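Beneath this line is the structure, given in structure tokens, with notes to follow.
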Amino acid sequence: MSYAIVGNVPHSVTSADGGVNPDSRLTTSPATAPSEREVPQKSHRVVLAGAALIALTLGLRAWVLRHAYFIEDDFLFVADAAASPLTFDYLTSLHKGHFMPGAKLLVAVLTALSPYNWTLAAGTMLALHGAAAAATFRLLGEVWGWRWAILAPLAVAVCAPLTVPVLAWWSAALNAIPFQLATALALLWTVRYLRHGRERDAWLAAAAVVGGMAFSVKALLLPLLLFAVAVAFHTPGPLTWAPSAALRARPRFWTGMGALFLGYLVVYMSRPADAEGAGVPALKAALGQARRLLLETFPVGAVGGPFSWGPVTPAGGLLQPHPALVAAAWTVLAAMVGVSLLHRPRWAWRAWALLVGYLVCVDLVPTLVARGRYHELVGYDPRYVADAALVFAFCVAWAFLAPRWEESAAQRPVRQRIRLPRRLLRGTAAGATAGFVAAASVSTAAYADTLSGDRVHWYLDTVRASLAAIPEEAGVFPRPVPEDIVLPWNGHRRFSSFLLSPLAGDDAERIADPQPAALPMVLNDAGFLVVAEPAPDSVFLGPPDDGECVETLDGQVLHQVSTFGHPGHVLGLSYVSDRDAETTVGLDTVTQTTVLPAAPYGGSWYVPLTGKGQTLVIKVPDEVCLTWVTFGELVPSVEGNPWEQEDLEEKTE
């Protein structure tokens, strides 16, 4: 045990004997302590009420998830998992700057079980979300006891609309939801360790931090959050020397946390750079994002807004609030800060300082590093501050509630300036909590209206059905999926051969790596497998006006093209040949051999040519007559449902 002298009174700085706050040194007297029979009964009622609140919140969010579906990066994760072996390089490769081996492992498992299964994917995230809510409830009970007052910060943590968009977008949830769970557990076990000194709790806290690091880069800063909590609330004496006192009290614990911080940083920096990841922010964009994120998005979402969401993106609505709503949110927050400073001045300012520090260091800085080069509207995306809802609730509790080791009236902070009427505080807190839950529920339900899950769900179901009956003679060639599924800036990763092959079952390889075929087919924008035709901007070579065959020189066709490599480029050959003919095709000096099936009355053959080059090379035997040649992308010959169009044509005839 180590001691420090504060005001001529010795205090333990290990916080292992139950006294961690400088103003909580007295113990509850028998006269003021509740009876052992009363405590369990009250605790049970509080636990049931908290569990009911969590269950209702999860039910509402499950309803929101029914309106959501896979979108954007979700497809990239599933396709990457299906195409890659489960290796160390796969797990530790960066995805748009994110180091997330735990998330990639989870995606690999879910993809192996059932690719693009929304019930399985969303259900897993909802279960983890429920676990995070339960861990938060347990954290509140650990610090403040099982009393009715903890339901207010619990509602702030589990009902906040800030956490809804990140849950509805699976690829974002893969980072954020496990990180929220890790944060709650790390705080819970760190508090237990600081209070009681059990090594088991220290190891569990470290495990929670490691678990968070496996899913989110933000978890790099978890050790700093834990240390800030220890310094602000669990180290007695003046705040000026609290950091050194906290380090001296638990040197091995904080050394271990420092090792986790540095170890993660080394591993992250050792991975190959990702062009879509971190970058130097543009000043104007970064300032605009910071203003929107900290001064508009977080305040409105933290107090239950925005009631309506917009603008709407393929992944759901953004939180761009009306100025009046921003003013109202800041009025509520200012009132909370003011009342808390009157009620618990010593602890309230520390709590609000912790929240501000978290928002800046954990949420704002990583966002600017990753997205500060892009549009200022990024600041209206609540996914970047979703994890702050838990920290906000934790800080609200510290600002208003005395921890359970400070419960009795004799143990209230001696520096409290004004003793506010308890009945008034309770009534106001109950009304505010009920109002917050109602507002948050309205905002949560409104978010569902911005989701386009039905359209994407229908598209994937159509693709799945189409790929279940591929004609034997067909080649299914790549083309980009619709822009409302995966945006163009994802480049070659948005082609059907990569994204949709997991839906083909036993024919997945035919989609992922198409081979030469006589019947060209593609998936149209409605998800139907239809016959393809050359795109209008394709290269086209035909015979001269007075001939039947494309002219060759020593059996070769050479034509200038310019391609830098494209997964959708296909060479089409129309020909006449009495027997099978071995043909060489390629770009520049990179060629391949294909066999044209015998077609005495004419046939067609389509060969993928995805390389780069300047010269198209075709070499055919003398007995083969090429009637036309095309090179370029293939497009659907029919858009929409081909069967409906056939019925319409029959009725027209």
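The values are calculated or read from the model by the stated rules, or taken from the named source; none is laboratory data. As the structure is a computational prediction, the values presented were derived from the model and not from experiment. Glycine also receives a Cβ, built like all others from the backbone with ideal geometry; neighbour counts cover every protein chain displayed. When the accessible area is computed, the model is the full protein with side chains, heavy atoms only, and any ligands, DNA or RNA have been set aside. Shrake-Rupley method; radii C 1.70, N 1.55, O 1.52, S 1.80 Å.
Among the residues of the range 272-294, is there at least one that is of a type in the set (S, T, N, Q), under 30 Å from residue 332 (Cα atoms) and buried (at least 16 other Cβ atoms within 10 Å of the Cβ)? It would help to see each step written out before you state the result.
First, pick out the residues of the range 272-294 that are of a type in the set (S, T, N, Q): 289.
If we keep only those that are under 30 Å from residue 332 (Cα atoms) too, we end up with 289.
Adding the requirement that they be buried (at least 16 other Cβ atoms within 10 Å of the Cβ) leaves 289.
Taking every residue of the range 272-294 in turn, at least one turns out to be of a type in the set (S, T, N, Q), under 30 Å from residue 332 (Cα atoms) and buried (at least 16 other Cβ atoms within 10 Å of the Cβ).
Taking strands (runs of 3 or more DSSP E) that fall entirely within the range 557-652, which contain at least 2 residues that are small (Gly, Ala, Ser)?
Values: elements: 569-577, 581-587, 590-596, 599-608, 612-619, 625-636.
Counting at least 2 such residues, we get 569-577, 581-587, 599-608.
This table checks each residue for (1) farther than 18 Å from residue 516 by Cβ; (2) acidic (Asp, Glu); (3) modelled with pLDDT under 95.
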site: 597; (1), (2), (3): no, no, no
site: 606; (1), (2), (3): no, no, no
site: 610; (1), (2), (3): no, no, yes
site: 614; (1), (2), (3): yes, no, yes
site: 620; (1), (2), (3): no, no, yes
site: 623; (1), (2), (3): yes, yes, yes
site: 630; (1), (2), (3): no, no, no
site: 634; (1), (2), (3): no, no, no
site: 639; (1), (2), (3): yes, yes, yes
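Take the residues of the range 126-159 that are without any contact (Cβ under 8 Å) to a residue 60 or more places away in the chain and either hydrophobic (A, V, I, L, M, F, W, C) or under 18 Å from residue 74 (Cα atoms) (or both): which is surrounded by the most Cβ atoms within 10 Å (Cβ to Cβ)?
By that ranking, first place goes to 135.
Cβ contacts < 6 Å: first residue open to solvent by less than 40 Å² (accessible area, probe 1.4 Å), restricted to the range 345-367; second residue assigned to a helix (DSSP H, G or I) and of a type in the set (Lys, Arg), any location; separation 6+ or different chain. Result?
362/218
Under the condition of being touching a Gly at 6+ places or on another chain (Cβ under 9 Å) and not in a helix (DSSP H, G or I), which residue from the range 337-382 is farthest from residue 320 (Cα to Cα)?
Out of the qualifying residues, it is 373.
Give the range 486-507 a look and list any residue that's more than 20 Å from residue 314 (Cβ to Cβ) and open to solvent by 30 Å² or more (accessible area, probe 1.4 Å), or say none.
Taking the range 486-507 first, the residues more than 20 Å from residue 314 (Cβ to Cβ) are 497, 501-502, 504-507.
Result: 505, 506, 507.
Run down 590, 576, 539 and say which single residue is touching a Cys at 6+ places or on another chain (Cβ under 9 Å), open to solvent by 30 Å² or more (accessible area, probe 1.4 Å) and either modelled with pLDDT of 95 or more or within 26 Å of residue 635 (Cβ to Cβ) (or both).
Numbers: 590 fails: touching a Cys at 6+ places or on another chain (Cβ under 9 Å); 539 fails: touching a Cys at 6+ places or on another chain (Cβ under 9 Å).
Only one candidate passes the filter, namely 576.
Consider only pairs whose beta carbons are under 7 Å apart and that are at least six residues apart or on different chains; among these, list those whose first residue lies in the range 281-298 and is within 11 Å of residue 381 (Cα to Cα) and whose second residue is outside any helix (DSSP H, G or I) and open to solvent by less than 40 Å² (accessible area, probe 1.4 Å).
289/372; 296/321; 297/319
Can you tell which of 279, 288 is on the phi < 0 side of the Ramachandran plot and not in a helix (DSSP H, G or I)? Give the derivation first.
Numbers: 288 fails: not in a helix (DSSP H, G or I).
Every option except 279 fails the conditions.
Those residues that are open to solvent by 20 Å² or more (accessible area, probe 1.4 Å) and either touching a strand residue (DSSP E or B) at 6+ places or on another chain (Cβ under 7 Å) or at pLDDT below 55 (or both), I need them from the range 392-417; list them, please.
If the condition is that a residue be open to solvent by 20 Å² or more (accessible area, probe 1.4 Å) and either touching a strand residue (DSSP E or B) at 6+ places or on another chain (Cβ under 7 Å) or at pLDDT below 55 (or both), then 407, 409, 410, 412, 414, 415, 416, 417 are the ones that fit.
Has the range 307-319 got any residue that is in a loop (DSSP other than H, G, I, E, B), of a type in the set (A, V, I, L, M) and buried (at least 16 other Cβ atoms within 10 Å of the Cβ)? Can you show your working first?
Within the range 307-319, the subset in a loop (DSSP other than H, G, I, E, B) is 307-309, 311, 314-315, 318.
When the remaining residues are screened for being of a type in the set (A, V, I, L, M), the result is 315, 318.
Narrowing further to those that are buried (at least 16 other Cβ atoms within 10 Å of the Cβ): 315, 318.
So far as the range 307-319 goes, yes, one or more of its residues are in a loop (DSSP other than H, G, I, E, B), of a type in the set (A, V, I, L, M) and buried (at least 16 other Cβ atoms within 10 Å of the Cβ).
Name the residue that is farthest from the chain's Cα centre (by Cα), counting only residues in the range 109-136 that are closer than 26 Å to residue 157 by Cα and hydroxyl-bearing (Ser, Thr, Tyr). Break it down stepwise before answering.
The first filter runs over the range 109-136 and keeps only residues closer than 26 Å to residue 157 by Cα, leaving 118-136.
Still in the list and also hydroxyl-bearing (Ser, Thr, Tyr): 119, 124, 136.
On the way: 119: 17, 124: 13, 136: 20 Å.
Going through the qualifying residues, I end up with 136.
Looking at the range 81-121, which of the residues that are under 17 Å from residue 502 (Cβ atoms) and small (Gly, Ala, Ser) is surrounded by the most Cβ atoms within 10 Å (Cβ to Cβ)?
Residue satisfying both the conditions and the ranking: 121.
Can you name every residue in the range 495-533 that is part of a helix (DSSP H, G or I), touching a residue at least 24 places away in the same chain (Cβ under 8 Å) and farther than 20 Å from residue 606 by Cα? Let's see the steps before the verdict.
At the first step, the residues of the range 495-533 found to be part of a helix (DSSP H, G or I) are 496-499, 501-512.
If we keep only those that are touching a residue at least 24 places away in the same chain (Cβ under 8 Å) too, we end up with 496-499, 501-505, 507-508, 510-512.
Correct list: 499, 502, 503, 504, 505.
Kindly evaluate residue 495 against the criterion of being modelled with pLDDT of 95 or more and farther than 30 Å from residue 164 by Cα.
Values: modelled with pLDDT of 95 or more: yes; farther than 30 Å from residue 164 by Cα: no.
For residue 495, the condition - modelled with pLDDT of 95 or more and farther than 30 Å from residue 164 by Cα - is not met.
Kindly indicate the residue of the range 235-276 that is outside any helix (DSSP H, G or I), of a type outside the set (A, V, I, L, M, F, W, C) and at pLDDT below 95 and also nearest to residue 371 (Cα to Cα) among those meeting that condition. Walk me through it before giving the result.
So the first thing to find is which residues in the range 235-276 are outside any helix (DSSP H, G or I), and the list is 235-238, 250, 271-276.
Filter once more, so that each one left must be of a type outside the set (A, V, I, L, M, F, W, C): 235-238, 250, 271-272, 274, 276.
Remaining after also requiring at pLDDT below 95: 235-238, 271-272, 274, 276.
Numbers: 235: 37, 236: 40, 237: 41, 238: 39, 271: 20, 272: 19, 274: 13, 276: 9 Å.
It comes out as 276.
Please go through (1) open to solvent by 10 Å² or more (accessible area, probe 1.4 Å); (2) part of a helix (DSSP H, G or I) for residue 215 and return the number of the only condition it doesn't satisfy.
With respect to (1) open to solvent by 10 Å² or more (accessible area, probe 1.4 Å); (2) part of a helix (DSSP H, G or I), residue 215 is out only on (2).
On the basis of being touching a strand residue (DSSP E or B) at 6+ places or on another chain (Cβ under 7 Å), farther than 17 Å from residue 514 by Cα and either without any contact (Cβ under 8 Å) to a residue 12 or more places away in the chain or not basic (Lys, Arg) (or both), does residue 570 make the cut? If you could, list the steps in order and put the result at the bottom.
Values: touching a strand residue (DSSP E or B) at 6+ places or on another chain (Cβ under 7 Å): yes; farther than 17 Å from residue 514 by Cα: no; either without any contact (Cβ under 8 Å) to a residue 12 or more places away in the chain or not basic (Lys, Arg) (or both): yes.
In short, no.
So which residues in the range 433-455 are under 18 Å from residue 640 (Cα atoms) and touching a helix residue (DSSP H, G or I) at 6+ places or on another chain (Cβ under 9 Å)?
Kept after step one, since they are under 18 Å from residue 640 (Cα atoms), are these residues of the range 433-455: 454-455.
Of everything in the range 433-455, just one residue is under 18 Å from residue 640 (Cα atoms) and touching a helix residue (DSSP H, G or I) at 6+ places or on another chain (Cβ under 9 Å), namely 454.
Could you grab me the full set of residues in the range 594-627 that are closer than 25 Å to residue 492 by Cβ, β-branched (Val, Ile, Thr) and either touching a Cys at 6+ places or on another chain (Cβ under 8 Å) or exposed (fewer than 15 other Cβ atoms within 10 Å of the Cβ) (or both)?
Scanning the range 594-627 gives a single hit, 615.
Could you please give the count of residues in the range 423-438 that are of a type outside the set (A, V, I, L, M), surrounded by 13 or more Cβ atoms within 10 Å (Cβ to Cβ) and at pLDDT 90 or above?
3
List every residue pair whose Cβ atoms lie under 7 Å apart, where the two residues are 6 or more positions apart in sequence or sit on different chains, the first residue falls within the range 186-207 and is under 13 Å from residue 256 (Cβ atoms), and the second residue, located anywhere, is charged (D, E, K, R) and open to solvent by 20 Å² or more (accessible area, probe 1.4 Å).
Within 7 Å, the pairs are 201/192.
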